[in-house]
Amino acid sequence: MPRPQLNRARERLVSLAGAGLGHLDYYAAAMEVVRTAIPYDAMCIGSVDPATNMITDSGKVDLVDEGDSTFLYHEYAVDDVNQYVDLAARDESASILLLSTGGDPARSARYRNVVKPVLGAEHELRGIARAAGLLWGAYSIYRDKDSTAFNLAEAEFMAGLEQAIAMGIRSAMVAGVAQQTLESGEGPAVLVYDHQGRLLHATATAARRVADLGGELWGRTAVPVSSVVSALRAGRAVSRLRSRGADGCWYTIHAAPFTAGDAVAQIAVTIEQSRPPEVLPLIISGYGLSEREAEIVLLMLRGESTHAIAAALFLSPYTVQDHFKSIFEKVGVSSRREVATRIFFGQYADHQGARASAAC
């Protein structure tokens, strides 16, 4: 595929990353950029919680939402080729199902149970988006049986966009101001599923929070809820992730088993408003700060002086000042006070009075 075409697509994606779009608007625009270079019949793209490598949300083109639970179960619980977590461990970030199965995609459980019968597709190209060693996003592109198969040039093209897509997903994660408060008075939303992932019970708070996460309480399961349920059914030790709702609220979603002997009888899922210690590292990472810069920001948010930060991290005050300059540039501010406003108060404290009656 011509390099000028790749460069144009990359430039458009980088431009989108700086446009201040929310995650769903970014997904739609990014998928349109991909489509101009690689024709497809359907596509999905979503963010990943880099702490757990679990999918937190998704945007789709010509795909049914009803397939989310089955898709995620196969991603976490079924051994298969080209799973996102496996791609994250490779040098290449994009792979074609047909080639990975030796020309026989039916060898893939995902193809047999999801791609062909649920999504109605024949060909799959999927990949991941990493930045600074962290997994931020994943995507799958599909063509139907009447379309040509994906080729290596197209996979290489998508791999060439990895950094730009990761940058866009990170930027969309921190875009805008989360209009929320730290206390809602509602308490956590609790949902109880059977061992096969079917919803049995839910608290009154659950409907609104599931809707904010893009689902319907007794209909389509929200993507992050499906992720933690599927991961627990797959035997993952950690089934917990952070996800931002459409209304700007950050949620921590956690799944835990009710056991009968050694078997999982039911699964309890809690959806709670995230507290600053849970979300601040994710937000800080979203600005592309280095590990040292993140340490400095956390100390800065605690109100530590330049000399105190230097002493705590065994640095000189001049080195800390140099880190401040880099932090200001990445966050898009010009002072320590603005860093605190952008990262902490912008995510948690703004609009408290205006939204007291509709808090998260």
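The values are calculated or read from the model by the stated rules, or taken from the named source; none is laboratory data. Remember, it's a predicted structure, so these values are computed and weren't measured experimentally. Every residue, glycine as well, gets a Cβ built from its backbone with ideal geometry; the counts of neighbours run over all protein chains shown. Accessible surface is based on the protein model in full, side chains and every heavy atom, while ligands, DNA and RNA are left aside. Shrake-Rupley method; radii C 1.70, N 1.55, O 1.52, S 1.80 Å.
Selection within segment 180-204: residues that are surrounded by 13 or more Cβ atoms within 10 Å (Cβ to Cβ) and under 17 Å from residue 275 (Cβ atoms). The member of this set that is modelled with the highest pLDDT is 189. When we screen 289, 280 for residues that are surrounded by 20 or more Cβ atoms within 10 Å (Cβ to Cβ), within 19 Å of the chain's Cα centre (by Cα) and part of a loop (DSSP other than H, G, I, E, B), the only hit is 289.
Among 56, 52, which is in contact with a Pro (Cβ under 7 Å, 6 or more places away or on another chain) and touching a residue at least 60 places away in the same chain (Cβ under 8 Å)? Steps first, answer last, please.
On the way: 52 fails: in contact with a Pro (Cβ under 7 Å, 6 or more places away or on another chain).
Just a single option satisfies the conditions, and that option is 56.
Considering only residues that are touching a Leu at 6+ places or on another chain (Cβ under 7 Å) and either modelled with pLDDT of 85 or more or open to solvent by 20 Å² or more (accessible area, probe 1.4 Å) (or both), look in segment 226-242 and name the one that is farthest from residue 76 (Cα to Cα). Step by step, filter segment 226-242, then rank; the result is 242.
Under the condition of being open to solvent by 20 Å² or more (accessible area, probe 1.4 Å), in contact with a Leu (Cβ under 7 Å, 6 or more places away or on another chain) and more than 21 Å from residue 18 (Cα to Cα), the residues counted in segment 299-341 number 1. In segment 218-232, the count of residues that are within 15 Å of the chain's Cα centre (by Cα) and part of a loop (DSSP other than H, G, I, E, B) is one or more. Considering (1) open to solvent by less than 10 Å² (accessible area, probe 1.4 Å); (2) closer than 29 Å to residue 169 by Cα; (3) assigned to a strand (DSSP E or B), the lone condition that residue 209 does not fulfil carries the number (3). I need the full set of residues from segment 31-48 which are touching a helix residue (DSSP H, G or I) at 6+ places or on another chain (Cβ under 6 Å), open to solvent by less than 10 Å² (accessible area, probe 1.4 Å) and not β-branched (Val, Ile, Thr), in order please. If the condition is that a residue be touching a helix residue (DSSP H, G or I) at 6+ places or on another chain (Cβ under 6 Å), open to solvent by less than 10 Å² (accessible area, probe 1.4 Å) and not β-branched (Val, Ile, Thr), then 43 is the only one that fits. Of the residues making up segment 59-79, just one is closer than 25 Å to residue 286 by Cα and at pLDDT below 90, namely 76.
Scanning segment 129-153 for residues that are surrounded by 20 or more Cβ atoms within 10 Å (Cβ to Cβ) and not in a strand (DSSP E or B) gives a single hit, 150. Looking across segment 251-272, the residues that are in contact with a Phe, Trp or Tyr (Cβ under 9 Å, 6 or more places away or on another chain) and modelled with pLDDT of 85 or more come down to 255, 266, 267, 268, 269, 271, 272. Residue count for segment 6-20 satisfying the condition of being open to solvent by 50 Å² or more (accessible area, probe 1.4 Å) and either hydrophobic (A, V, I, L, M, F, W, C) or in a helix (DSSP H, G or I) (or both): 8.
Assigned to a helix (DSSP H, G or I) and either modelled with pLDDT under 95 or within 26 Å of residue 253 (Cβ to Cβ) (or both): which single residue out of 51, 30 fits that description? If you could, list the steps in order and put the result at the bottom.
Details: 51 fails: assigned to a helix (DSSP H, G or I).
Every option except 30 fails the conditions.
Mind listing whichever residues of segment 298-340 are free of Cβ contacts under 8 Å to residues at least 24 places away in the same chain and of a type in the set (Phe, Trp, Tyr)? Within segment 298-340, 314, 318, 328 meet the criteria. Of all residues in segment 258-271, none satisfies being open to solvent by less than 40 Å² (accessible area, probe 1.4 Å), more than 17 Å from residue 223 (Cα to Cα) and without any contact (Cβ under 8 Å) to a residue 60 or more places away in the chain.
The residues of segment 312-355 that are over 28 Å from the mean Cα position of the chain (by Cα) and modelled with pLDDT under 50, listed by number, are 353, 354. Where helices (runs of 4 or more DSSP H) fall wholly inside segment 65-128, no range has 1 or more residues that are open to solvent by less than 40 Å² (accessible area, probe 1.4 Å) and without any contact (Cβ under 8 Å) to a residue 24 or more places away in the chain.
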